[in-house]
Amino acid sequence: ALFLQVFDTLPQDREVNPGELIVIPCKVRNRKGECAWLKDGVVVGKIPGKYTFNREPDDGDCGITITNTQLEDDDGLWQCQVTQASLQELTLTSPEVKLTVREAPYPPIIEDTTIQIVQGDPFTARANEPKRLHCLARKGNPPATLKWFLNDIEVTTNVNQTNVRDLEKRKTWQAVSALDMTFTKEDNHKMLKCVAIHDAYDTKAKDITVQLEILYPPEISLEGKPKEEIIEGMSLILRCRADANPKANIIWRKSGHSGIYDIKDHIEFNPIRRTDSGIYSCSAKNDIGQSQEMEITVDVRYKPKINRVYPSPRTTVSLYQSTRLVCEAEGNPAPKYSWLQRIGGDPVIWQERTNNATFYIHNVTYTYQGIYLCQASNTINGIFNTLKSEEIFLDVTGQ
């Protein structure tokens, strides 16, 4: 029987660091022809101290030893071959295997369009605008693996790595990872990092980090409105907080007050007066945009004050004629009125005659003669406030 030459052990892909010694295995059963090696389709001769293999091994071991591997010389596709032993047999050729001689890529860089961002520098972008950033690791073999991290959390969506042959250095690669990201204001001051992973680096990986500077228009909130009613004489601070980048300018306006009321971030009333009542609104603006306007109503409460009662201090009216007693008061909330007439002497009893500001008397009789006063009252924060006027004497004359 004719024993054909067959491979026992086929060459395998190998990856080495430069300068290392490597053996690419190749073992043949029933070897009768000569062993040979091809690199990138070209026959490689035996070179002492560089390429050594046995052309006619008795044990069929055709494996090649490569000493001091170099990217330029040795990186490529290798094949083990055994020449035909007779006309009946074909030449035995192994599949091509890849010998990769590693080359450490340059440390990674980040580019915005084509502008390189320096390590530690801020990268400025507007919130909610799509951005594309590239991370590049040049002149590596094999290409580096690139990963993106935002505050140390890996970004895995909208990331796409492509590897192209480096134009400047033969046999090396440029690894490029594109990151498509729409940053939000919450990303402001976060750290964006690109990590290049490569076995030829002296450390497991190298990285570059940039700080995000995310620009966004102001969003405002109003603080300071007390839960209780605002009472004249107390102090009050209204604060307008603007969340914005860059910092926003604040404008206050007041109802009934033309133009700008104030430009500080807060308005202070110490003490607050009734004339401070009104609707205050605040808005904020920066280079990116303007906030909406927020309003706060300030309603300053104060106790009743009686400005005048008349006719005073006494008035005379003829029997069966008409007259009126008038009370003018102010307060916030607007006061409720009572006209009271004194009834009896001891103890003093007052009887309400009307709960209007004006007490009209038609067809006066002697029962109306006597002492009157006006009472004004309101309620603030659950407390009842009341004030009595000076007394008026009503004198009824006639038969």
Please go through the range 151-200 and pick out each residue that is outside any strand (DSSP E or B), closer than 22 Å to VAL118 by Cα and in contact with a Pro (Cβ under 8 Å, 6 or more places away or on another chain). HIS198
In the range 294-306, residue farthest from ARG126 (Cα to Cα) [restricted to those that are of a type in the set (A, V, I, L, M) and surrounded by 16 or more Cβ atoms within 10 Å (Cβ to Cβ)]: ILE306
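Kindly state which strands (runs of 3 or more DSSP E) lie completely within the range 213-293 and contain at least 1 residues that are of a type outside the set (S, T, N, Q) and closer than 30 Å to PRO122 by Cα. Write out each step before concluding.
Working: elements: 236-245, 249-254, 257-262, 266-269, 278-285.
Here the list reads 236-245, 249-254, 278-285.
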If VAL309 satisfies all but one of (1) surrounded by 16 or more Cβ atoms within 10 Å (Cβ to Cβ); (2) farther than 30 Å from SER377 by Cβ; (3) of a type in the set (A, V, I, L, M, F, W, C), what's the number of the condition it fails? (2)
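If I ask for residues that are within 20 Å of the chain's Cα centre (by Cα) and surrounded by fewer than 16 Cβ atoms within 10 Å (Cβ to Cβ), which ones from the range 270-287 would you list? Steps first, answer last, please.
The initial filter retains those residues of the range 270-287 that are within 20 Å of the chain's Cα centre (by Cα), namely 284-287.
Hit for the range 270-287 is ASP287, nothing else.
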With PRO105, PRO18 as the choices, which residue is touching a strand residue (DSSP E or B) at 6+ places or on another chain (Cβ under 8 Å), in contact (Cβ under 8 Å) with a residue 40 or more places away in the chain and within 30 Å of LEU212 (Cβ to Cβ)? PRO105
Output yes when any residue across the range 376-383 is assigned to a strand (DSSP E or B), without any contact (Cβ under 8 Å) to a residue 12 or more places away in the chain and either touching a helix residue (DSSP H, G or I) at 6+ places or on another chain (Cβ under 8 Å) or of a type in the set (A, V, I, L, M) (or both), and no when none is. yes
Would you pick out the residues in the range 109-141 that are over 30 Å from GLN70 (Cα atoms), surrounded by 17 or more Cβ atoms within 10 Å (Cβ to Cβ) and more than 16 Å from the chain's Cα centre (by Cα)? ILE117, LEU133, HIS134
May I ask you to list pairs of residues, at least six apart or on different chains, whose Cβ atoms are under 8 Å apart, with the first in the range 154-166 being over 16 Å from LYS193 (Cβ atoms) and in contact (Cβ under 8 Å) with a residue 12 or more places away in the chain and the second being surrounded by 10 or more Cβ atoms within 10 Å (Cβ to Cβ) and aromatic (Phe, Trp, Tyr)? ASN163/TRP173; VAL164/TRP173; ASP166/TRP173
Sole residue being within 20 Å of PRO18 (Cβ to Cβ) and either surrounded by fewer than 18 Cβ atoms within 10 Å (Cβ to Cβ) or in contact with a Gly (Cβ under 9 Å, 6 or more places away or on another chain) (or both), chosen from ALA144, ALA178, ALA205: ALA205
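Here is a list: ASN151, ASN163. Which entry is polar (S, T, N, Q), surrounded by fewer than 20 Cβ atoms within 10 Å (Cβ to Cβ) and in contact with a Phe, Trp or Tyr (Cβ under 9 Å, 6 or more places away or on another chain)?
Just a single option satisfies the conditions, and that option is ASN163.
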Check whether at least one residue in the range 71-78 is closer than 30 Å to GLY41 by Cα and either part of a loop (DSSP other than H, G, I, E, B) or touching a helix residue (DSSP H, G or I) at 6+ places or on another chain (Cβ under 6 Å) (or both), and report yes or no. yes
Taking the condition small (Gly, Ala, Ser) and crowded, with 19+ Cβ neighbours inside 10 Å, does SER322 pass? no
Candidate set: the range 13-52, residues that are touching a Phe, Trp or Tyr at 6+ places or on another chain (Cβ under 8 Å) and not in a strand (DSSP E or B); chosen: the one surrounded by the fewest Cβ atoms within 10 Å (Cβ to Cβ): GLY45
How many residues are part of a strand (DSSP E or B) and either of a type in the set (Ser, Thr, Tyr) or crowded, with 18+ Cβ neighbours inside 10 Å (or both) if we restrict to the range 1-12? 2
Need the failing condition index for ILE267 against (1) surrounded by fewer than 19 Cβ atoms within 10 Å (Cβ to Cβ); (2) modelled with pLDDT of 95 or more; (3) farther than 20 Å from ASN381 by Cβ, just the number. (1)
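So, in the range 351-366, how many residues would count as being outside any strand (DSSP E or B) and not aliphatic (A, V, I, L, M)?
Step one: filter the range 351-366 for residues outside any strand (DSSP E or B), giving 355-357, 362-366.
From what is left, the residues that are not aliphatic (A, V, I, L, M) are 355-356, 362-363, 365-366.
Going through the range 351-366 one residue at a time, the tally reaches 6.
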Which of the residues that make up the range 323-350 are farther than 25 Å from TYR302 by Cβ, among the charged types (D, E, K, R) and either within 60 Å of the chain's Cα centre (by Cα) or not in a loop (DSSP other than H, G, I, E, B) (or both)? ARG324, ARG342
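The values are calculated or read from the model by the stated rules, or taken from the named source; none is laboratory data. Predicted model only: the values in this text are computed from it and were never measured. In this analysis, Cβ positions are derived from the backbone assuming ideal geometry, glycine residues included, and neighbour counts consider all displayed protein chains.
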